[in-house]
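Structure, as structure tokens:
Quick note: the coordinates plus some simple rules give every number you see, no bench work behind them. Remember, predicted model here, so these are calculated numbers, not experimental data. Neighbour counts run over all protein chains shown; Cβ positions are idealised from the backbone, glycine included.
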Amino acid sequence: MPQANNKEKRETRGRQPEKPSVNNLQNPKGMRDILPEEWSVLDKIMNTARALSEFYGFSRIETPVLEYADLFSRGVGLGTDIVEKEMYVLTTKGGDKLALRPEYTAPVMRSYIQQGMSHLPQPRRLWYIGPVFRHENPQAMRYRQFTQFGMEVLGNSDPIFDAEIIIAAYRLFEELKIKNVTIEVNSIGCKTCQPAYRKKLADYYRKLDICEDCKIRIDQNPLRLLDCKNEKCQPYKQGAPVILDNLCQNCRSHFRQVLEYLDEAKIPYVLNPRLVRGLDYYSRTVFETFAEGESSALASGGRYDYLAEMIGGRSTPAVGVAAGIERIAEIMKSRGIAVQQKTKEKVFIIHVGDMSKKKSLSLIEEFRKSGVPVLSEPSKESLSAQMELAAKNNAPLALIFGQKESYEDNVIIRDMESGVQEVVPITKVVEEVKKRLR
RNA sequence: GUGCCUAUGGUGUAAUGGUCAGCACCGGGGCCUGUGGAGCCCCUAGUACCGGUUCGAAUCCGGUUAGGCACCCCA
């Protein structure tokens, strides 16, 4: 009577209005669950990032997920999309405006200033990893909550640190075996030379028949004119003034040194005079790294000598890089870069009957204490079902602890490969198992 | 924020607007309280949500939500 069954079910369901609708069981847009299978790649990336950071002398920092919203308005910039369109802002009961951090650099700088890190030996090398939030439309390799890893060198303006940051980023991809990563670098100048260049650029474009977006860019952020993708604007790029030709003496020399250091370290890079960044705090060196065939950046960063002042601190030169963990994971997956799962083989303990089930608990504890990883499945009662699980889990040994054994204080050690079994006293079993695992 | 595409058990899929939404995998149980990944049998579970058209909707229409792609921007 399947019909009756179905009807019954439907009616039953209809009578339970308290049951939440499926919509309530859905994730918010752009946010996702990270299931066990994915963690092997993510762990690999995170562990590599951590080891690399520590090796290069960086110390870990973590800041709150929430910050006062104006930290980002002032630091990242009011005119930027990140602040204007993509920030999650909430108002507390007390009326404070807090924001889910859309990036780490401003919070790290805030912490540097607030915690008096300028009184420690300079520069400070800090690294971080954690979730950041941007309210934008999700698409490939783009989430509303994602994980950023980054490194910052604060408190020194020497160009060697610009290079150090780029080198470290490059090494991360090297260690993760991601090949064909290109690094694009550029210098966007400083307070002295950038305004003049902006004006020059704006003047050049003002005379041309440009797309609607660019008409806005002219006043808002003329540097962005350079990477407009509208077909209409493409031909103009050729004749546009190049920023590298318009740098002041200091910026020119700074950039030259950065490149020399990169050459010295044999880091392959590409000069991209049209590379600009979307965040206000950047000055001088900017860079982005791309995996071959991908349009979105894997890691990017640059120097941000004005950020400290922008958020209300004393002038502090700094340079840093940020990378998106999920994007790196996607690249690794799509390129089939294997991450070996080093799950240790575990000895499987099998019980039969209530007495042995109960007593197997202390047996399991004994193994844990002596550092031998064991596995068991108390919910399975039949011996064959447990044998099956032992086999599925690739257990090298199965320990059969049945009724008979539990009375006689023995355990059967079964070699799963050969099928050879041996009865040993329970007091010796840990020792015997250790001997066989070697 | 804009535009296009998509949505059937946990997964992958089937169903000219018309019987009870079918199949496979996964999962659970059994054959099998004393020995292995197989086999056989049984079970669990679904038309994303809300509404409309219709005698009748998984199927057509509208909205919502989520996913994908592109723009914008970015990690």
Nearest-ten-degree value, helix A:2-14 long axis tilted from longest Cα axis of chain A: 50 degrees
For q = 0.06, 0.12, 0.14 Å⁻¹, Debye-computed log10 I/I(0) when each Cα of chain A counts as one equal scatterer: -0.42, -1.02, -1.23
Likely footprinting exposure, A:T92, A:T105, fewest C-beta neighbours within 10 Å first: A:T92, A:T105
Filtered GluC sites (Glu not before Pro), the range A:256-329: DSSP coil and at most 13 other beta carbons within 10 Å: A:E292
Degrees, to the nearest 10: A:354-369 long Cα axis against longest axis of chain A: 40 degrees
C-alpha long axis of helix A:194-206 to longest principal axis of chain A, angle in °: 80 degrees
Net charge over other residues, Cβ less than 12 angstrom from the Cβ of A:K85 (K, R count +1; D, E count -1): -3
Whole-Hz ³J(HN,Hα) from phi, Karplus 6.51 cos²θ - 1.76 cosθ + 1.60, for the range A:426-438, glycine and proline x: 4, 5, 9, 5, 4, 4, 5, 5, 4, 4, 6, 6, 5
Helix-only [θ]222 nm of chain A, DSSP H runs n ≥ 4, -39500 (n - 2.57) each, per residue, nearest 500: -11500 deg cm²/dmol
Long pairs among A:K369/A:K428; A:K85/A:K333; A:K344/A:K404, criterion Cα-Cα beyond 22 Å: A:K85/A:K333; A:K344/A:K404
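Which shape class applies to the range A:371-438: rounded if a/c is under 1.5, otherwise prolate when a/b exceeds b/c and oblate if not, where a ≥ b ≥ c are the square roots of the Cα gyration tensor eigenvalues?
oblate
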Computed lengthening from A:D415 to A:M31, 0.36 nm per intervening residue step minus Cα-Cα distance: 133.7 nm
